[in-house]
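Step one of this worksheet: look at the structure below.
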Amino acid sequence: MGKGELVVDRLLVLTNNENSSAVIRFLQEDGNQVYVWNERLSIKDVENIMPSFIVSYNYNYIIAQDIIEHMGGRVINMHISLLPWNRGFSPNIWSFIDDTPKGVTIHRVDASLDTGDILFQKELSFSCEKETFATTYKKLNDAVQELFMDNWRQIRRGEVRPYRQQGTGSYHCKKDLEQLQCFIKFSWDDNIREFLERYEERKSSL
């Protein structure tokens, strides 16, 4: 096998979002046999498919511990936050509300949510005056896909040394977003600066 050629030809991509289409296409065009999975994954499913690697991106289910152990470190997740900040649900929204660092991360999957060792990260900055939640969401997804495509072969060959997340960071669940929507009117097309001003006014009025 020539230098620069991938060893893998069987990959399992876990996703519930069309954002993953570019990543799937990239892996397919790179000569891999790609299985796309959008339901809850079981160890039996993994044993039937026999993937060399599992890539999770916008996947709605927690990956079971027996699958993680079975794959031996070959399960990674693409997350649109600068971990350990904004683990969990809707990270781009909370990064502005909580005023925390923003970026994207590729990390190993472990037993907890978005807590696994980091493979690659990229920090991003945004102008709240010019951006909406929708535009930042798109830019974060574009950035994490680019980060994955640029570094996939290194990840697959095991040439990357993972490192532990530092600090406690932050976490939000789906219920937090539901409570936010009850607290204040919210739209993905809101200008971020204008929304934050309304949010602070609402808080101060209580």
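For the reader, a short list of remarks on this structure follows.
- Residues that are open to solvent by less than 70 Å² (accessible area, probe 1.4 Å) and closer than 30 Å to Glu123 by Cα within segment 36-52 comprise Trp37, Ser52, listed in sequence order.
- Against the list (1) under 15 Å from the mean Cα position of the chain (by Cα); (2) open to solvent by less than 30 Å² (accessible area, probe 1.4 Å), the condition Phe96 fails is (1).
- Across segment 170-189, the number of residues qualifying as surrounded by 11 or more Cβ atoms within 10 Å (Cβ to Cβ) and in contact with a strand residue (DSSP E or B) (Cβ under 6 Å, 6 or more places away or on another chain) comes to 3.
- Check on Thr105, closer than 25 Å to Gln28 by Cα and either at pLDDT 95 or above or not in a strand (DSSP E or B) (or both): yes
- Residues (open to solvent by less than 30 Å² (accessible area, probe 1.4 Å) and out of contact with any helix residue (DSSP H, G or I) (no Cβ under 8 Å at 6 or more places or on another chain)) located in segment 99-136: His107, Asp114, Gly116, Ile118
- Residue within segment 53-74 that is over 22 Å from Ala134 (Cβ atoms), of a type in the set (A, V, I, L, M, F, W, C), open to solvent by less than 10 Å² (accessible area, probe 1.4 Å) and part of a loop (DSSP other than H, G, I, E, B) present: no
- Residue that is nearest to Phe148 (Cα to Cα) [pool: residues in segment 93-102 that are in a helix (DSSP H, G or I) and touching a strand residue (DSSP E or B) at 6+ places or on another chain (Cβ under 7 Å)]: Ser95
- Restricting attention to segment 114-140, the residues that are part of a helix (DSSP H, G or I) and basic (Lys, Arg) add up to 2.
The values are calculated or read from the model by the stated rules, or taken from the named source; none is laboratory data. Just so it is clear, the structure is predicted and the values come from calculations on it, not from any experiment. Note: ideal-geometry Cβ built from the backbone for every residue, glycine included; neighbour counts use all protein chains shown. Protein only, heavy atoms only, side chains kept; ligands, DNA and RNA dropped before computing areas. Shrake-Rupley method; radii C 1.70, N 1.55, O 1.52, S 1.80 Å.
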